[in-house]
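Here is the structure we will look at.
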């Protein structure tokens with residue numbers, strides 16, 4: 001069965017992570033994605049996790065500084081549904097592929113440019129990478145518990161890059177739906193700042209500028225938000241509890257042998273427990289040291305207290321090789337000509353009627369230059385000429401890069 | 001509403017974070033969202049995010065456990081394009097509202113589920129609080145804390161992945177429906193929400209010596225970008241010296257008034273690199289952050305202040321890009337909140353209204369379905385609405 005986006009053609013002119021990840025998600029959903037890559041390679045190809053955002057794409061390597069290459073993009077854009085990239089402001093215009101230049105050839109295209117700092121404002125001219133948006137939005141401040149006297153902490157999940165990509169999937173798919181209904185394409189933009197803001201979307205200010213209430217903060221040890229909603233170290237391993245109701249809190253305290261805390265009316269609410277952390281946390285911490293996380297998990301399950309062992313996946317290994325995950329399609333494997341057998345996450349979304357994603361390896365630089373061009377109307381002789389003149393790069397058998405690695 | 005999803009009606013039965021936030025993104029692209037709440041209201045109305053995550057929709061109270069409530073709900077389904085639910089597995093089936101039952105009646109309906117774990121997963125029946133999925137998925141161990149062991153993540157990674165997956169899945173299914181004429185079941189989960197953020201770090205590659213095969217290194221603590229964090233005067237922090245694709249006109253050191261490092265030595269001599277790092281830190285801690293940010297930006301050196309979530313509202317780029325919206329919440333009054341994350345030129349995203357009061361639109365929505373005043377009074381008397 002085809003994916004839900006079968007028949008959608010996407011041109012991906014992005015580099016690094018924030019640009020290419022959204023087209024990869026569109027590819028996972030069944031769209032055909034052609035990655036248009038500089039002949040020297042995506043800036044992330046050799047120094048960072050390139051493979052995390054390229055699977056399933058075809059690769060056409062072009063020297064976009066050449067007018068002939070720009071014309072190739074415009075010709076392909078005539079047939080495309082979506083053009084997506086993360087060039088800094090002004091770059092697309094210099095390369096002849098901005099919204100107006102592209103819509104002159106295909107007025108119905110959905111065109112998405114994702115930025116770093118947004119489209120407007122004094123910093124919109126600048127690029128930027130993930131940690132900067134974790135910084136300005138408050139993620140690093142809260143992750144490290146700076147208000148407790150700690151340093152800020154970078155979250156190693158590439159948060160803002162990834163959220164930016166999902167914001168652009170949201171914008172592109174909304175615009176594609178609108179086009180299905182009305183026939184009209186449009187210009188869409190998102191940014192790392194816009195996408196990252198969703199992580200702190202619960203933060204709001206009251207009219208007097210003070211923060212809206214009820215938002216708990218973390219402790220200095222980074223265990224959690226409340227004695228009833230935090231990690232505890234055990235004799236062996238850590239366990240996260242989420243005893244959010246009074247009944248669960250009482251059961252938690254009884255299970256670890258401190259029933260008097262569960263009966264204390266001052267601790268009957270989440271906020272009451274937060275207020276008493278200085279005295280309650282040490283008591284429960286000591287209680288949890290008495291048994292292993294495995295034993296606590298069984299006892300808390302039996303008492304109806306929501307709790308989970310904090311699992312060390314050893315860098316994702318236990319997740320990627322988990323039989324359940326594999327059987328459910330949560331992991332995907334494919335073979336790459338140089339990297340060999342590869343595994344990463346699989347289906348992020350399951351569809352009952354449209355098929356599951358079909359995933360392929362990340363492409364080599366220029367791996368599909370010839371096949372893409374000939375399919376879209378260039379003759380073999382024209383392609384030979386474009387390659388010879390350095391406008392197109394095609395990976396030769398056995399030497400996939402234009403220089404020795 | 002005139003957004004790209006104008007004419008799309010969504011019934012939102014979800015609670016928690018991922019469901020309401022994913023639905024919010026669709027609501028502010030123009031979908032007509034009806035929040036279906038149990039008598040007494042969604043228990044997550046007390047959550048700090050409720051004024052934001054529950055805005056841009058109408059609210060109807062329906063007791064789905066009563067026959068008349070279910071009957072009214074089925075009438076609503078007949079008018080809907082999308083249903084979103086976030087219950088634990090089996091809950092909808094127990095109400096007689098499983099995907100199979102509704103698909104038989106409403107073949108065009110897109111039925112979206114966002115539980116904690118995917119159906120069929122060994123953890124599917126385990127409790128689904130965000131922090132529990134953080135623990136079970138390995139996200140907490142992936143983020144080393146200041147002490148040995150896992151870190152609780154204040155930012156709710158599982159939910160913050162699943163909200164985007166939910167919105168993307170619904171949109172893809174809407175797209176497919178235009179081709180096939182049929183709705184379908186779209187399912188994602190908080191667990192898959194975590195996976196969405198592992199693309200840089202969880203890869204298994206057979207030939208580790210191949211070019212392109214790098215995965216982001218795990219460094220303690222807590223990641224590669226931690227090294228560009230510096231403390232300035234007055235306990236303020238910033239990132240500095242980050243690559244932003246601009247040509248720098250001078251070095252960071254020249255602005256800080258210290259000597260540039262020997263470019264060859266800093267690449268090969270670890271002790272020298274550590275000493276230089278100490279010189280940098282000693283220089284930063286005496287300097288005013290705002291002053292440095294300005295000078296670095298002028299010079300094309302990537303940097304930003306590390307702000308608290310509240311301070312972030314004063315970051316100029318947010319206002320420049322209209323990312324902050326004013327919303328008149330029924331409980332808190334006028335609030336500054338984050339607006340929609342994607343900007344569409346022809347069909348602008350917009351906030352459709354503040355969070356509704358529980359059941360604010362019960363009578364008007366049911367009246368649209370043909371219930372008259374007498375019928376509505378009866379439903380109210382029996383606690384159905």
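Which count do you get for residues in the stretch A:25-38 that are buried (at least 21 other Cβ atoms within 10 Å of the Cβ) and either more than 9 Å from every other protein chain (Cβ to nearest Cβ) or closer than 22 Å to residue A:75 by Cβ (or both)? Walk me through it before giving the result.
Within the stretch A:25-38, the first condition is being buried (at least 21 other Cβ atoms within 10 Å of the Cβ), and the residues that meet it are A:25-31, A:33-37.
Filter once more, keeping what is either more than 9 Å from every other protein chain (Cβ to nearest Cβ) or closer than 22 Å to residue A:75 by Cβ (or both): A:26-28, A:31, A:33-37.
Number of matching residues: 9.
Would you point out which residue out of A:312, A:281 is closer than 26 Å to residue A:219 by Cα and assigned to a loop (DSSP other than H, G, I, E, B)?
Working: A:281 fails: assigned to a loop (DSSP other than H, G, I, E, B).
Unique residue meeting the criteria: A:312.
Go through (1) free of Cβ contacts under 8 Å to residues at least 40 places away in the same chain; (2) in a helix (DSSP H, G or I); (3) in the same structural domain as residue A:234 (by TED's automatic domain parsing) one by one and return the number of the condition residue A:324 breaks.
Just one mismatch for residue A:324, condition (3).
For every residue, the table says whether it meets (1) assigned to a helix (DSSP H, G or I); (2) modelled with pLDDT of 95 or more; (3) under 17 Å from residue B:126 (Cα atoms).
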{"position": "A:221", "(1), (2), (3)": "no, yes, no"}
{"position": "A:225", "(1), (2), (3)": "no, yes, no"}
{"position": "A:236", "(1), (2), (3)": "no, yes, no"}
{"position": "A:241", "(1), (2), (3)": "no, yes, yes"}
{"position": "A:248", "(1), (2), (3)": "yes, yes, yes"}
{"position": "A:271", "(1), (2), (3)": "yes, no, no"}
{"position": "A:298", "(1), (2), (3)": "yes, yes, yes"}
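When you scan the stretch B:29-53, how many residues do you find that are farther than 25 Å from residue B:106 by Cβ and surrounded by 20 or more Cβ atoms within 10 Å (Cβ to Cβ)? Spell out how you get there, then give the answer.
Applying the first criterion (farther than 25 Å from residue B:106 by Cβ) to the stretch B:29-53 yields B:40-41, B:43-53.
Pick out the ones that are also surrounded by 20 or more Cβ atoms within 10 Å (Cβ to Cβ) and you get B:49-53.
Number of matching residues: 5.
Checking the structure you have, find out if any residue of the stretch A:186-193 is at the interface with chain B (Cβ under 7 Å from one of its Cβ atoms), crowded, with 22+ Cβ neighbours inside 10 Å and in a helix (DSSP H, G or I).
Within the stretch A:186-193, one or more residues are at the interface with chain B (Cβ under 7 Å from one of its Cβ atoms), crowded, with 22+ Cβ neighbours inside 10 Å and in a helix (DSSP H, G or I).
What's the number of the condition residue B:179 fails, among (1) in contact (Cβ under 8 Å) with a residue 40 or more places away in the chain; (2) part of a helix (DSSP H, G or I); (3) more than 7 Å from chain A (Cβ to nearest Cβ); (4) in contact with a helix residue (DSSP H, G or I) (Cβ under 9 Å, 6 or more places away or on another chain)?
Checking residue B:179 against (1) in contact (Cβ under 8 Å) with a residue 40 or more places away in the chain; (2) part of a helix (DSSP H, G or I); (3) more than 7 Å from chain A (Cβ to nearest Cβ); (4) in contact with a helix residue (DSSP H, G or I) (Cβ under 9 Å, 6 or more places away or on another chain), the one that fails is (1).
Can you go through B:210, B:248, B:240 and tell me which one is more than 22 Å from residue A:218 (Cβ to Cβ), more than 7 Å from chain A (Cβ to nearest Cβ) and assigned to a loop (DSSP other than H, G, I, E, B)?
Details: B:210 fails: more than 7 Å from chain A (Cβ to nearest Cβ); B:240 fails: assigned to a loop (DSSP other than H, G, I, E, B).
Sole residue among the options that is more than 22 Å from residue A:218 (Cβ to Cβ), more than 7 Å from chain A (Cβ to nearest Cβ) and assigned to a loop (DSSP other than H, G, I, E, B): B:248.
Among the residues of the stretch A:98-123, which ones are within 26 Å of the chain's Cα centre (by Cα) and not in a strand (DSSP E or B)?
Matches in the stretch A:98-123: A:98, A:99, A:109, A:116, A:117, A:118, A:119, A:120, A:121, A:123.
Could you check the stretch B:167-176 and list, in sequence order, the residues that are at the interface with chain A (Cβ under 8 Å from one of its Cβ atoms) and touching a residue at least 12 places away in the same chain (Cβ under 8 Å)? Outline the logic, then answer.
Let us first name the residues in the stretch B:167-176 that are at the interface with chain A (Cβ under 8 Å from one of its Cβ atoms), namely B:167-169, B:171-176.
Result: B:167, B:169, B:171, B:172, B:173, B:174.
From the residues in the stretch A:131-148 that are more than 7 Å from chain B (Cβ to nearest Cβ) and in contact with a helix residue (DSSP H, G or I) (Cβ under 7 Å, 6 or more places away or on another chain), which one is surrounded by the most Cβ atoms within 10 Å (Cβ to Cβ)?
A:134
From (1) touching a residue at least 12 places away in the same chain (Cβ under 8 Å); (2) under 30 Å from residue B:180 (Cβ atoms), pick out the condition that doesn't hold for residue B:15.
Against the list (1) touching a residue at least 12 places away in the same chain (Cβ under 8 Å); (2) under 30 Å from residue B:180 (Cβ atoms), residue B:15 comes up short only on (2).
Hand me the list of strands (runs of 3 or more DSSP E) wholly inside the stretch B:1-70 holding 2 or more residues that are farther than 20 Å from residue B:165 by Cα. Steps first, please.
Values: elements: B:9-12, B:32-37, B:58-61.
Per the criteria, B:32-37, B:58-61.
Within the stretch A:238-269, how many residues turn out to be within 13 Å of residue A:285 (Cα to Cα) and surrounded by fewer than 20 Cβ atoms within 10 Å (Cβ to Cβ)?
2
Got at least one residue in the stretch B:324-335 being part of a helix (DSSP H, G or I), touching a helix residue (DSSP H, G or I) at 6+ places or on another chain (Cβ under 9 Å) and over 21 Å from residue A:114 (Cβ atoms)? Don't jump to the end; show me each part of the working.
Going through the stretch B:324-335, the residues part of a helix (DSSP H, G or I) turn out to be none.
No, the stretch B:324-335 contains no residue that is part of a helix (DSSP H, G or I), touching a helix residue (DSSP H, G or I) at 6+ places or on another chain (Cβ under 9 Å) and over 21 Å from residue A:114 (Cβ atoms).
Determine, yes or no, whether residue A:371 is within 21 Å of residue A:55 (Cβ to Cβ) and assigned to a helix (DSSP H, G or I).
On the way: within 21 Å of residue A:55 (Cβ to Cβ): yes; assigned to a helix (DSSP H, G or I): yes.
Considered against the rule, which asks whether it is within 21 Å of residue A:55 (Cβ to Cβ) and assigned to a helix (DSSP H, G or I), residue A:371 comes out as yes.
Inside the stretch B:120-146, can you point out the residues that are in a loop (DSSP other than H, G, I, E, B) and either more than 8 Å from every other protein chain (Cβ to nearest Cβ) or over 17 Å from residue B:188 (Cα atoms) (or both)? I'd like the intermediate steps shown before the answer.
Of the residues in the stretch B:120-146, the ones in a loop (DSSP other than H, G, I, E, B) are B:120-129, B:138, B:143, B:145-146.
Once the filter is applied, which keeps residues that are in a loop (DSSP other than H, G, I, E, B) and either more than 8 Å from every other protein chain (Cβ to nearest Cβ) or over 17 Å from residue B:188 (Cα atoms) (or both), the stretch B:120-146 yields B:123, B:124, B:125, B:128, B:138, B:143, B:145, B:146.
I'd like to check something: does the stretch B:261-275 contain any residue that is over 29 Å from residue A:99 (Cα atoms), loosely packed, with under 14 Cβ neighbours inside 10 Å and within 12 Å of chain A (Cβ to nearest Cβ)?
Among the residues of the stretch B:261-275, not one is over 29 Å from residue A:99 (Cα atoms), loosely packed, with under 14 Cβ neighbours inside 10 Å and within 12 Å of chain A (Cβ to nearest Cβ), which makes the answer no.
The values are calculated or read from the model by the stated rules, or taken from the named source; none is laboratory data. For clarity, every value in this text was computed on a predicted model and none was experimentally measured. Every residue, glycine among them, receives a Cβ derived from its backbone with ideal geometry; neighbour counts consider all protein chains shown.
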